[in-house]
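A.B. asks: Handing you a structure now.
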Amino acid sequence: MNQNSENKILSTPNSQFLIPNSILLLYTLQIADNALIIGHRISEWCGHGPILEQDIAATNIALDHLGQARSLYQYAAEQFNALPAEDKMKMFSSTTLQAKLTANENIDEDDLAYLRDGWDFHNVLLVEQNNKDWAYTVVRSFFYDAFNFFFYSALLNSADTTFAAIAEKSLKEVTYHLRWSSEWMIRLGDGTEESHQRMQDAVDYLWSYTGEMTTANETDKTAFASGIGADLAAIKTAWKEKVSAVINESSLAMPKDAWMQHGGKDGSHTEHLGYILAEMQFMQRAYPNMEW
Amino acid sequence: MTVDSLQEHFDDKVKREVTIEPRDWMPDDYRKTLLRQISQHAHSEIVGMLPEGNWITRAPNLRRKAVLLAKVQDEAGHGLYLYSAAETLGSSRDEMMEQLHSGKAKYSSIFNYPSLTWADMGAIGWLVDGAAIMNQVPLCRASYGPYARAMVRVCKEESFHQRQGFEIMLTLSNGTEVQKKLAQDALNRWWWPSIMMFGPPDDNSPNTEQSMRWRIKRISNDELRQRFIDVTVEQAKILGLTPPDKDLKWNEATGHYDFGAINWDEFWNVVKGNGPCNKERLEARKKAWEEGEWVREAALAYSKKRSERNNKISAKAA
């Protein structure tokens with residue numbers, strides 16, 4: 001991306017502040033990809049849940065995440081379409097997406113979800129981890145929901161009015177998600193011996209994927225410095241406090257601080273993402289350029 | 001009241017179209033028939049989540065993904081209303097699940113067919129939900145109150161599903177060659193199974209007569225089937241698709257479409273468990289149930305612990 005085009009004020013009405021266009025876009029995608037991928041994972045439970053009522057609840061939550069992803073992708077597409085042509089070509093390496101750009105077409109929410117390759121996805125590693133069982137699913141959601149709650153709370157004050165509006169709408173949903181997953185943490189942590197063990201295993205296994213959410217990469221730093229993004233250091237403290245309170249109430253043991261996995265936000269993923277995308281993107285890749 | 005006068009009172013209510021409610025006296029066979037029908041219907045809703053659930057992670061765009069998720073979720077909700085209605089007749093959900101898993105209880109055979117392409121999401125909505133609506137609208141007036149009320153809610157959502165299924169088919173049939181092929185292929189595979197959804201022909205439907213007397217059922221299988229065919233053939237024309245029946249033609253004299261012979265041998269085989277997906281569907285349901293057992297146990301154990309703790313606290317306070 002060349003320096004001149006990078007530091008322009010975006011022409012879109014919501015971004016009347018100085019931030020490199022590409023960074024705003026990357027930041028939007030980080031949030032959007034988290035929502036899409038965790039929603040996808042939770043949606044895998046639909047029809048297979050342990051209790052019919054929870055099948056419905058999990059699907060509701062998956063729908064909320066998907067709705068958030070869509071709002072954010074629509075915003076991201078709007079930003080992308082406003083970029084200068086040469087910057088667009090450098091943004092994503094997918095040949096299918098590049099073919100669209102060569103044909104001078106605008107892109108939309110679906111192009112971002114279905115035509116980007118794995119290394120252009122910016123979700124944290126936590127959300128792509130597989131469902132395994134209800135315990136892993138609950139713990140993964142809980143870690144993420146706790147982060148999301150503080151993250152969207154911070155985004156309410158974003159200098160970007162689109163972010164602030166999305167945060168306001170999403171926060172209602174995320175507040176419910178956090179209540180739901182916290183209740184399941186406690187119920188299963190303090191349920192039977194078996195459920196307790198399964199939950200502890202899941203907490204221990206997923207723990208190393210939690211650090212990434214509150215560790216700022218360059219995109220996070222720039223977004224925060226410009227008044228658009230959230231302060232991840234502050235969220236880190238709030239997150240840990242909330243998580244240890246719930247883990248404690250669940251009579252589970254808090255994992256010791258240890259090495260944390262990183263890379264998702266910068267496009268370096270676990271093996272899981274490839275399979276998610278192979279499945280999710282199949283139709284758009286097999287039958288390109290069609291209306292569905 | 002003697003049994004005779006109870007029976008008289010019941011018959012009179014049915015005749016006057018006053019709904020029978022859970023606490024009312026009812027003949028044992030009425031209760032059994034209803035329980036069988038409602039639980040079968042509930043099972044159909046949750047087994048029916050599987051063929052469509054099969055495409056949630058592969059839906060072609062975000063809007064379709066959201067609509068499909070919401071649709072499959074509606075089916076879980078329908079299952080819930082219906083299990084609740086069946087529970088008012090004295091069976092527990094665990095008992096009903098056990099009967100589903102053991103093969104004792106049936107569910108709609110249509111869900112033993114595979115969903116092979118995205119177009120099946122259109123065909124299922126259009127044909128399967130379309131046939132379900134034909135079957136279910138008269139059930140909104142069934143003599144048993146909780147069933148009738150559950151069906152009112154179910155039918156409202158089903159008609160939305162049917163429209164969105166048709167809309168998927170319309171998009172495909174207005175699309176490229178390969179999309180049209182997807183749509184026609186789905187119609188070819190779902191047409192006959194949908195027609196069979198109305199059950200065996202009237203002269204071979206053992207339960208129909210009694211069910212009609214009890215006003216659980218209002219319209220016979222063959223009459224509903226004919227209505228469905230008449231409506232659906234016209235809809236296929238709008239889509240520019242051809243139902244796979246060379247004998248299908250308009251009959252001026254009857255004012256209905258004539259149609260070809262139904263393969264009842266296939267129908268009974270699928271009912272008996274020989275359909276393409278019977279084993280898979282049952283296996284998926286059993287797996288969900290068995291793997292969920294520790295979750296249900298833990299939830300129960302936790303709520304017991306909590307109420308014990310609360311009791312202790314209130315005992316101390318007193």
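The values are calculated or read from the model by the stated rules, or taken from the named source; none is laboratory data. Computed from a prediction, not measured in an experiment: that's the story for all the values here. Ideal geometry is used to build each Cβ from the backbone, glycine not excepted, and the neighbour counts take in all protein chains shown. For the accessible areas, the whole protein counts, side chains as well, though only heavy atoms, and no ligand, DNA or RNA atoms are used. Shrake-Rupley method; radii C 1.70, N 1.55, O 1.52, S 1.80 Å.
A.B. asks: Using a 1.4 Å probe and counting only protein heavy atoms, how much accessible surface gets buried when A and B come together, both sides summed, in Å² to the nearest 100?
C.D. replies: On the way: alone 13260 and 16970 Å², together 26230 Å².
So the buried area, both faces added, is about 4000 Å².
A.B. asks: Can you give the net charge of the other residues whose Cβ lies under 10 Å from the Cβ of B:S211, counting K and R as +1 and D and E as -1? Intermediate values should be presented prior to the final figure.
C.D. replies: On the way: positive: B:R213, B:R215, B:K217, B:R218; negative: B:E209.
Around B:S211, the surrounding residues sum to +3.
A.B. asks: Take the alpha-carbon centre of region B:154-177, take the same for region A:87-138, and report the distance between them in whole Å.
C.D. replies: 28
A.B. asks: Can you tell me the accessible area per residue over region A:19-286, all protein chains present, probe 1.4 angstrom, in square angstrom? Walk me through the numbers on the way to the answer.
C.D. replies: Numbers: 9590 Å² over 268 residues.
Here the residues of region A:19-286 average 36 Å² of exposed surface.
A.B. asks: Filter the trypsin sites (Lys or Arg not before Pro) in region B:201-296 down to the DSSP loop ones having no more than 16 other Cβ atoms within 10 Å, then list what survives.
C.D. replies: On the way: sites: B:R213, B:R215, B:K217, B:R218, B:R225, B:R227, B:K237, B:K246, B:K249, B:K272, B:K279, B:R281, B:R285, B:K286, B:K287, B:R296; in loops: B:R215, B:K217, B:R218, B:K246.
Filter output for region B:201-296: B:R218, B:K246.
A.B. asks: Also, I was wondering about something else. Enumerate the whole-percent occupancy of each 5 Å bin, from 0 to the last occupied one, for all C-alpha pair distances of region A:7-158.
C.D. replies: For region A:7-158, the binned pair fractions read 2, 9, 17, 20, 17, 14, 10, 7, 4, 1, 0 percent.
A.B. asks: Between exposed GluC sites (Glu not before Pro) in chain B, where DSSP calls loop and at most 11 other Cβ atoms lie within 10 Å, what's the longest gap? All intermediate terms of the calculation are to be shown ahead of the outcome.
C.D. replies: On the way: sites that count: B:E17, B:E252.
That would be B:18-251.
A.B. asks: Buried by at least 50 Å² relative to the chain on its own: which residues of region B:161-189 qualify, computing accessible area with a 1.4 Å probe on protein heavy atoms?
C.D. replies: Residues passing the criterion (a loss of at least 50 Å², heavy atoms only) are B:Q179.
A.B. asks: Considering chain B, what Rg and Dmax in Å follow from its alpha-carbon atoms?
C.D. replies: So, for chain B, Rg and Dmax equal 22.1, 83 Å respectively.
A.B. asks: Follow-up question, since we're still on this one. Using Cα-Cα distances under 8 Å and only pairs 6 or more residues apart, what relative contact order does chain B have, in percent?
C.D. replies: Numbers: 341 pairs, mean separation 57.4, N = 318.
Across chain B, relative contact order equals 18 percent.
A.B. asks: Counting other Cβ atoms within 10 Å, which trypsin sites (Lys or Arg not before Pro) in region B:1-74 have at most 14 and lie in a DSSP loop? Walk me through the intermediate numbers first.
C.D. replies: Working: sites: B:K13, B:K15, B:R16, B:R23, B:R31, B:K32, B:R36, B:R58, B:R63, B:R64, B:K65, B:K71; in loops: B:R16, B:R23.
The qualifying sites are B:R16, B:R23.
A.B. asks: As a test of understanding, state the convex hull volume per residue of region B:71-185 from its alpha carbons, in Å³.
C.D. replies: 104
A.B. asks: Helix A:134-155 versus the longest principal axis of chain A: what is the Cα-based angle in degrees, 0 to 90, to the nearest 10?
C.D. replies: Helix A:134-155 sits roughly 50 degrees off the main axis of chain A.
A.B. asks: Among A:Y209, A:S244, A:A278, which residue has its Cα positioned farthest towards the positive end of the charge dipole of region A:19-286, with +1 placed on the Cβ of Lys and Arg, -1 on the Cβ of Asp and Glu, and the dipole taken about the Cα centre?
C.D. replies: Sorting the options by dipole projection puts first A:S244.
A.B. asks: Based on the Cα atoms of region A:150-289, what semi-axes does the equivalent ellipsoid have, where each is the square root of 5 times one gyration tensor eigenvalue, given in whole Å with the largest first? Could you put the intermediate results ahead of the total?
C.D. replies: Numbers: eigenvalues 159, 106, 58 Å².
They are 28, 23, 17 Å, listed largest first.
A.B. asks: Percentage of Cα-Cα pair distances in the protein assembly as shown greater than 39 Å, rounded to whole percent?
C.D. replies: Values: 73490 of 185745 pairs.
Roughly 40 percent, once rounded to a whole number.
A.B. asks: Would you mind working out the accessible area per residue for chain B, using a 1.4 Å probe, and quoting it in Å²? Walk me through the numbers on the way to the answer.
C.D. replies: On the way: 14950 Å² over 318 residues.
Roughly 47 Å² per residue, with all protein chains present.
A.B. asks: I'd like the mean, over residues of A:53-65, of how many other protein chain beta carbons sit within 10 Å of each residue's own Cβ.
C.D. replies: On the way: counts 3, 5, 12, 8, 2, 2, 10, 3, 0, 6, 6, 0, 0.
The mean count of partner-chain Cβ atoms within 10 Å per residue comes to 4.
A.B. asks: What aspartates and glutamates could a cross-link reach from B:K217, if we take a straight Cα to Cα line under 18 Å and drop same-chain neighbours fewer than 8 places away?
C.D. replies: Qualifying aspartates and glutamates at Cα under 18 Å: B:D11, B:D12, B:E17, B:E21, B:D28, B:D29, B:D202, B:D203, B:E209.
A.B. asks: Between B:V152 and A:A159, what is the label-to-label distance in nm when each label sits 7 Å out along the Cα-to-Cβ direction?
C.D. replies: 5.6
A.B. asks: I need to check one value: relative contact order of chain A, counting alpha carbon pairs closer than 8 Å and at least 6 residues apart, in percent. Let's see the in-between values first.
C.D. replies: Details: 406 pairs, mean separation 64.1, N = 292.
Relative contact order of chain A: 22 percent.
A.B. asks: Would you kindly calculate the mean projected area, averaged across all directions, of the convex hull enclosing the Cα atoms of region B:195-318, in square nanometres? Intermediate values should be presented prior to the final figure.
C.D. replies: Working: hull surface 61.5 nm².
Value for region B:195-318: 15.4 nm².
A.B. asks: For B:S84 and B:K272, FRET efficiency with R0 = 25 Å and r from the beta-carbon atoms, rounded to 0.05? Can you show the working numbers first?
C.D. replies: On the way: r = 30 Å, r/R0 = 1.19.
So, using R0 = 25 Å, E works out to roughly 0.25.
A.B. asks: Could I ask something else about it? Working from Cα positions, state the angle (0 to 90°, nearest 10) between the long axis of helix B:177-196 and the longest principal axis of chain B.
C.D. replies: 60
A.B. asks: May I ask you to work out the translational diffusion coefficient for region A:19-286 at 10 °C, viscosity 1.306 mPa s, via Stokes-Einstein with Rh from the Kirkwood sum over Cα pairs, reported in whole µm²/s? Numbers along the way, then the final one.
C.D. replies: Values: Rh = 18.9 Å.
Estimated via Stokes-Einstein, D reaches 84 µm²/s.
A.B. asks: If I compute solvent accessible area with a 1.4 Å probe over the protein chains, what percent of it on the protein assembly as shown is carbon and sulfur?
C.D. replies: Numbers: 13760 of 26230 Å².
It is 52 percent, rounded to a whole number.
A.B. asks: How about region B:201-263: which chymotrypsin sites (Phe, Trp or Tyr not before Pro) there are in a DSSP loop, with at most 16 other Cβ atoms within 10 Å of their Cβ? Don't jump to the answer; show the numbers that get you there.
C.D. replies: Working: sites: B:W214, B:F228, B:W250, B:Y257, B:F259; in loops: B:W214, B:F259.
When the chymotrypsin sites (Phe, Trp or Tyr not before Pro) of region B:201-263 are filtered for loop state and at most 16 Cβ neighbours within 10 Å, nothing remains.
A.B. asks: Run the numbers on region A:150-198: which residues show a drop of 50 Å² or more in accessible area, chain on its own versus all protein chains together, using a 1.4 Å probe over heavy atoms?
C.D. replies: In region A:150-198, residues shielded by partner chains: A:R187, A:D190.
A.B. asks: Next question, about the same structure. Can you give the accessible area of B:V295, probe radius 1.4 Å, in Å² rounded to 10?
C.D. replies: So the heavy atoms of B:V295 present about 0 Å² to solvent.
A.B. asks: Calculate, in whole percent, how much of the Cα-Cα pair population of region A:221-266 lies beyond 12 Å.
C.D. replies: When every Cα pair of region A:221-266 is considered, 73 percent fall beyond 12 Å.
A.B. asks: Report, in degrees rounded to the nearest 10, the 0 to 90 angle that the Cα long axis of helix B:278-291 makes with the longest principal axis of chain B.
C.D. replies: Approximately 30 degrees, to the nearest ten.
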